[in-house]
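These notes are about the structure you will find just below.
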Amino acid sequence: MTSKVNKLTILMISFFILAFSFFLIGISKNKKEELYKVNNETDYDISLKANTFFSDEKMASHNYYVSSSIQNINVYFNYNLKNIFQNNISYSYKINATLKGYADDGTKLIWTKDFPLEKANNLIAKEVSLKKNLVFNYDYYLDYVKSFQTTYNLKINAYLYVRLSLEIESKDDYYVELIIPINDKVIEITMNEKNTSKEEDNKVMNSYLVIVILFFIIAITILGFKIRLKKNKESNIIKEYKNYIIKLLNEPTTHNNLIYLTKFENLLAIAENNNTNILNYQNTYYVIKDNICYIYVRRA
């Protein structure tokens, strides 16, 4: 009975550890993902050069644009971040414009030019609210690209990355950026935003999962080792006392008073105390004495 209890206890503890750990991981994941609520309403529009083809002076976002018609690209950063528990937020931010030149049809980055625009460190507030209006003269950056191509006699694909980066509690990095093709005849401006803390949360969650699985494997291994140890111990005892054991071809006729034992050693002790043999049929061992049949069933 004790052996069964031990096995059941180990199994229950193992499954409890597994289930409870998954529960904690779920809570941790939800807390981290919901710690900050982000609202990004960043937008842009295009100011056009004087021309006879376009009736308006500006074009709205999410269109295709003739690059030679662009005077300015007007960027309106509107980024808001709140702590859902309304705690103070320690943050830093910076705004950069970066020119990148790619050769071989955009497969190789060969040139980078940074234009730092704004930066602030170690700010503390109940919420982060960044509203920044910036104007980028398209020809200014196009001239940089043309100069590079002339100097090195090399045609490149160039892009201007305008990025607002936000660092929270010195570890969580958020950003929103516009990607502006520079030397294409017709361009499309795309927006990209990223919260790397979610990627970090996934790494943390994967680490927890590995630990949980390791604990589970260790628990099952210990259980298997104990079972194997018990079987080996029984096998050695049975071999040592084989002269006390009589193998039967048929199952013996048992009496009404049956007592089942959980250990072979107990059955052996009864046989020795009563100076009688142990009967064996398949995996079952018997000692019959005074109308009582003691039975031990060995697991295969």
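Could you pull out the residue among Lys82, Lys100 that is surrounded by 12 or more Cβ atoms within 10 Å (Cβ to Cβ) and free of Cβ contacts under 8 Å to residues at least 60 places away in the same chain?
Lys82
Suppose we filter Tyr65, Tyr76 for residues that are under 27 Å from Asn195 (Cα atoms) and of a type in the set (Phe, Trp, Tyr); which single one remains?
Answer to the check: Tyr76.
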Filtering segment 256-269 down to residues that are crowded, with 18+ Cβ neighbours inside 10 Å and either among the acidic types (Asp, Glu) or assigned to a helix (DSSP H, G or I) (or both) yields Phe264, Leu267, Leu268
Among the residues of segment 44-53, is there at least one that is at pLDDT 85 or above, surrounded by 12 or more Cβ atoms within 10 Å (Cβ to Cβ), in contact with a helix residue (DSSP H, G or I) (Cβ under 8 Å, 6 or more places away or on another chain) and of a type in the set (A, V, I, L, M)?
yes
Counting only residues in segment 150-179 that are part of a strand (DSSP E or B) and touching a helix residue (DSSP H, G or I) at 6+ places or on another chain (Cβ under 8 Å), the one surrounded by the most Cβ atoms within 10 Å (Cβ to Cβ) is identified as Leu160
Is one or more of the residues making up segment 222-235 at pLDDT 85 or above and either assigned to a loop (DSSP other than H, G, I, E, B) or exposed (fewer than 11 other Cβ atoms within 10 Å of the Cβ) (or both)? no
All-but-one check, Ser67 against (1) in contact with a Lys or Arg (Cβ under 7 Å, 6 or more places away or on another chain); (2) free of Cβ contacts under 8 Å to residues at least 60 places away in the same chain; (3) surrounded by 11 or more Cβ atoms within 10 Å (Cβ to Cβ); (4) closer than 30 Å to Val145 by Cβ, failing number (2)
Of Thr150, Thr107, the only residue that is within 27 Å of Val66 (Cβ to Cβ) and within 32 Å of the chain's Cα centre (by Cα) is Thr107
task = Could you please let me know if Phe77 is closer than 25 Å to Tyr44 by Cα, aromatic (Phe, Trp, Tyr) and in contact (Cβ under 8 Å) with a residue 60 or more places away in the chain?
result = yes
task: Return yes when Asn133 is surrounded by 15 or more Cβ atoms within 10 Å (Cβ to Cβ) and modelled with pLDDT of 95 or more and no when it is not.
output: no
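The values are calculated or read from the model by the stated rules, or taken from the named source; none is laboratory data. What you see is a predicted model, and the numbers here were worked out from it, not measured in a lab. Using ideal geometry, Cβ is built from the backbone for each residue, glycine included, and neighbour counts are taken over all protein chains shown.
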